[in-house]
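Comments concern the structure below.
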Amino acid sequence: MPSHRDLTFDNGFATLPDAFYSRVQATPVPDPYLVCHSPDALDLLGLDADAIRHPELIETLAGNRVLPGMEPVAALYAGHQFGHYVPQLGDGRAILLGEVRNAAGEGWEVQLKGAGRTPYSRGGDGRAVLRSSIREFLCSEAMHALGIPTTRALCIVGSDRPVYREDEETAALVTRLAPSFVRFGSFEVFYYRNQVEPIKHLADYVIVRYYPELAGLSDPYPEFLHHVALRTANLMAHWQAVGFSHGVMNTDNMSILGLTLDYGPFGFLDAFDPGYVCNHSDTGGRYAFDQQPDVAAWNITKLAQALVPLMSVETASQAINEYPQAFGKAYLERMAAKFGLPPGGDTSGLVMDALQLLAQNRVDYTIFLRRLCDFDSTIDASNTPLRDLFLDRAAFDAWAARYAAALRQLGFNDTTRGQAMRAVNPKYILRNHLAEIAIRRAADERDYGEVNRLHTLLTRPFDTQPEYEAYAAEPPDWARKIEVSCSS
């Protein structure tokens, strides 16, 4: 495997005019050290574990040195935050170092989060703390293992430099990877400034690099918007099916590539609660779990508005009008697979009725679906482990009878069905209390063993791993007191 010195850096984003970014340098941290890394993400850059432990590369990923070819920049963007337009945001604590093209020809932008102040820090220190960095690292890689489009996390580099939030904490930097970090808000900032040329310039850049199949069209912009809407619909179907709540679905946190972007106050459902709000700061519940598909649709209208200088209002509206249908189709297909049923027809009613039962009985979403993989569809089956999850046993029995009848009518073999269901229903997710335990050990004892253990576990979320059985259990009572907000 090559060393970090063999990496060839470029920076396509930095070839855009200066209006799109500010050239910056990271603020060094003292005595950086490697906290954890993702071997799978290392593979994307063609590196191995020996390379990531090299002191020179650790210094680079701490923001203390720049490798040849890097052109560090902080991107400009704006966005609608909790429904209100904020005219200038930008990378306030993130710095794009450059882009690496791997042996497969894939381009991966390398970004440091927590690298210090930029012109967009708005009075902040530009730093990230260890706890939020651990959450982002673990969730980025866990989402990838679940098959959900996402930015990636290469590693966390720590430093004993103090960072002040509610209390004194230690600094950390996450190295993030993505084909692109361009957001909806990257277009909005120029729309609200009445600057048409940068909108066109950025759209052309994104189309040529990330939607090349559209580059030859005489008028590619409506199709570009259409493709973004469809990718976003697919992403929302993934989120809703797995029970993931993002927490801050501002337009500046929406990827132009349909990736899960910017892990802040996220959360996975424990007890099934459609109105679950994972962000303690979201007092109005704007970004509640069941609101995410509609919020994404609203965000897409804001992107369409920003692209109106490149097309008519009517054309923009037509370009995004398939979003509801695309989301609904993708979501129902995913849910049908999770229930071991074919999509469409009466099966969607079985799925929706089950979700209503889960909500009424506060049943753990992930555990229910995993136990459903072992459902016995014979007439005399008791399905006790699944039944015991419900307070209203009679209601479960009535649903289970319908479900069993449907499986028998379809002629499905329980063993084959169960195997297929276990491939789409994870046994392990990044529950808040698991992350909290790892964070406490890392912050209080400088023990990163639990972070690495969780990472290893979550790279195989669908596999039965007997040594980790406790990690698949329901959360303890104290976990209900965990609060996560936009604070870093």
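The values are calculated or read from the model by the stated rules, or taken from the named source; none is laboratory data. This one's a predicted model, so the numbers in the text were calculated from it and none came from an experiment. Cβ sites come from the backbone with ideal geometry, for glycine too, and all protein chains shown count toward neighbours.
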Report the residue count in region 115-134 for those that are of a type in the set (Val, Ile, Thr) and touching a strand residue (DSSP E or B) at 6+ places or on another chain (Cβ under 6 Å). 2
Just one of Arg441, Arg417, Arg480, Arg408 is under 28 Å from Cys155 (Cβ atoms), over 20 Å from the mean Cα position of the chain (by Cα) and either outside the structural domain of Gly158 (by TED's automatic domain parsing) or part of a loop (DSSP other than H, G, I, E, B) (or both); which is it? Arg441
Would you mind finding the one in Leu303, Leu341, Leu307 that is among the hydrophobic types (A, V, I, L, M, F, W, C) and part of a loop (DSSP other than H, G, I, E, B)? Leu341
I'd like the full set of residues that are without any contact (Cβ under 8 Å) to a residue 40 or more places away in the chain, of a type in the set (Val, Ile, Thr) and assigned to a loop (DSSP other than H, G, I, E, B), limited to region 351-380. Thr378, Ile379
Within region 20-69, of all residues that are free of Cβ contacts under 8 Å to residues at least 40 places away in the same chain, of a type in the set (D, E, K, R) and assigned to a loop (DSSP other than H, G, I, E, B), the one surrounded by the fewest Cβ atoms within 10 Å (Cβ to Cβ) is Arg53
Just a yes or no: is a residue in region 124-135 in contact with a helix residue (DSSP H, G or I) (Cβ under 7 Å, 6 or more places away or on another chain), in a loop (DSSP other than H, G, I, E, B) and touching a residue at least 12 places away in the same chain (Cβ under 8 Å)? no
Are any of the residues in region 279-294 closer than 26 Å to Arg93 by Cβ, among the aliphatic types (A, V, I, L, M) and outside the structural domain of Phe137 (by TED's automatic domain parsing)? no
Scope region 212-245; condition within 24 Å of Val313 (Cα to Cα), of a type in the set (Ser, Thr, Tyr) and either touching a Leu at 6+ places or on another chain (Cβ under 9 Å) or outside any loop (DSSP other than H, G, I, E, B) (or both); matching residues: Tyr221, Thr232
Are any of the residues in region 300-308 in contact with a strand residue (DSSP E or B) (Cβ under 8 Å, 6 or more places away or on another chain) and farther than 24 Å from Tyr365 by Cα? yes
Residue satisfying all of: in region 381-405; on the phi < 0 side of the Ramachandran plot and in a loop (DSSP other than H, G, I, E, B); modelled with the lowest pLDDT among these: Ala381
If you go through region 143-163 one residue at a time, do you hit one that is in contact (Cβ under 8 Å) with a residue 40 or more places away in the chain, part of a helix (DSSP H, G or I) and more than 28 Å from Tyr205 (Cα to Cα)? yes
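Let's see how each residue does on (1) basic (Lys, Arg); (2) at pLDDT 95 or above:
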{"site": "Asp282", "(1), (2)": "no, no"}
{"site": "Gln291", "(1), (2)": "no, yes"}
{"site": "Ala306", "(1), (2)": "no, yes"}
{"site": "Lys329", "(1), (2)": "yes, yes"}
{"site": "Leu332", "(1), (2)": "no, yes"}
{"site": "Gly345", "(1), (2)": "no, no"}
{"site": "Ser348", "(1), (2)": "no, no"}
Right, Ala26: modelled with pLDDT of 95 or more, within 25 Å of Ala78 (Cα to Cα) and among the aliphatic types (A, V, I, L, M) or not? yes
I'm checking my understanding of the structure. Among residues of region 444-462 that are surrounded by fewer than 19 Cβ atoms within 10 Å (Cβ to Cβ) and within 21 Å of Ser245 (Cα to Cα), which one is nearest to the chain's Cα centre (by Cα)? Thr459
Hits in region 1-19 - residues which are part of a helix (DSSP H, G or I) and modelled with pLDDT under 90: His4, Arg5, Asp6
